[in-house]
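Notes follow the structure.
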Amino acid sequence: MDTFFVSHGSPMLSIDESIPARHFLQSWRSEVMQANPRAILVVSGHWETDVPTVNVTSGANDTIYDFYGFPRSMYKLKYPAPGAPDLAKRVKDLVEQAGFGPVKADKSRGLDHGAWVPLMLMYPEANIPVCQLSIQTHKGAAYHYNMGKALAPLREEGVLIIGSGSATHNLRSIGPDSGPISKWALEFDTWLKESLLNGRHDDLNNYEKAPSGKMAHPWPDHFFPLHVALGAAGEKAKAEQIHDSWTNCTISYASYRFTTSD
């Protein structure tokens, strides 16, 4: 199983047909991955905790509307994918065995929009079990890369690992839909693509030193999911860009596939 990083951008992705990334995600099963996974593990930029935590749901996952001020129709959308308690336990065991300390189990949390918005486009039937693993923003990129390495055995078990965040994420600097791409955003996005395609994992673990790194990610929450997905593919992983589009001058929807060559 390959691993993936998906830039989910704005929650408007759920209803706005003008966003190119929406059509990319809708073509997932025909263009990216034809076979359905046994289960899906999502690491989203919208779940931050002090220690690693998995959501353990025995029934259908609740749909979390963790966004504000959007069209009312978005708050009526549902993605009742089954929970994946067996996967949650497996994730817990792998992360703990790798030395990340006790992993908590959250039995009340559903899926945040970093998970359900892309998944409702990729797998609209909502019939594949889904589990989420949180990030720790007070830890570094290398920490999340190594956490991904701990999850690598899941690839052989039919589990699709998706890091869901954004290639660039500075909401204080967004512009109009029709505006040109900001220089700093394009600079970082180009650096990211070149680093991934050339296997410069150490550079990615020190992304703050990249051109416009601090501007592209003043907070790390939407970037660490990439490190988890990359780590899960292994040290010799090959990266492939599978989508590239922009909205609001600064929001990159760049998305990547990571294929192991171990």
**Message:** I'd like the trypsin sites (Lys or Arg not before Pro) in segment 202-251 restricted to DSSP loop residues with at most 16 other Cβ atoms within 10 Å, sorted by number.
**Reply:** 236
**Message:** What distance in nm lies between label points placed 7 Å from Cα along the C-beta direction at residue 106 and residue 16?
**Reply:** 2.6 nm
**Prompt:** When the chain is treated as a GNM, springs tying every alpha-carbon pair under 10 Å, which of 16, 93, 203 comes out with the largest mean-square fluctuation?
**Reply:** 16
**Message:** Taking R0 as 22 Å, what FRET efficiency do you get between residue 35 and residue 240 from their Cβ-Cβ distance, rounded to the nearest 0.05?
**Reply:** 0.80
**Request:** State the antiparallel share, in %, of DSSP beta bridges confined to the chain, rounding to the nearest 5.
**Result:** 40 percent
**Prompt:** With each pseudo-label sitting 7 Å past Cα toward Cβ, what's the residue 49-residue 156 distance in nm, one decimal?
**Reply:** 2.7 nm
**Request:** At 0.36 nm per residue, minus the direct Cα-Cα distance, what do residue 65 and residue 206 gain on full extension? Give it in nm, one decimal, please.
**Result:** 47.5 nm
**Message:** Distance cut-off 23 Å, Cα to Cα: go down the list 78/107; 139/209; 149/193; 139/183; 78/149; 92/193 and report the pairs above it.
**Reply:** 139/183; 78/149; 92/193
**Message:** Loop by DSSP (not H, G, I, E, B), at most 11 other beta-carbon atoms within 10 Å: where is the longest site-free stretch of the chain for GluC sites (Glu not before Pro)?
**Reply:** 126-262
**Fill in**
HN-Hα couplings for segment 46-55 via Karplus (6.51, -1.76, 1.60; θ = phi - 60°), in whole Hz with x for Gly/Pro, come out as 9, 10, 10, 9, 5, 10, x, 9, 10, 8
**Complete:** Among segment 11-55, those whose backbone N falls under 13 Å of a label point 7 Å along Cα→Cβ from residue 259 are 32-33
**Complete:** The ³J(HN,Hα) series, computed from each phi in segment 210-216 with the Karplus coefficients 6.51, -1.76 and 1.60 at θ = phi - 60°, rounded to the nearest Hz and given as x for glycine or proline, is 6, x, 6, x, 5, 6, 5
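All of the numbers you see were taken from the coordinates with simple rules; none came from a lab. Since the model is a prediction, treat every value here as computed from it, not as a measurement. As a convention, Cβ positions derive from the backbone with ideal geometry for all residues, glycine included, and neighbour counts pool all protein chains shown.
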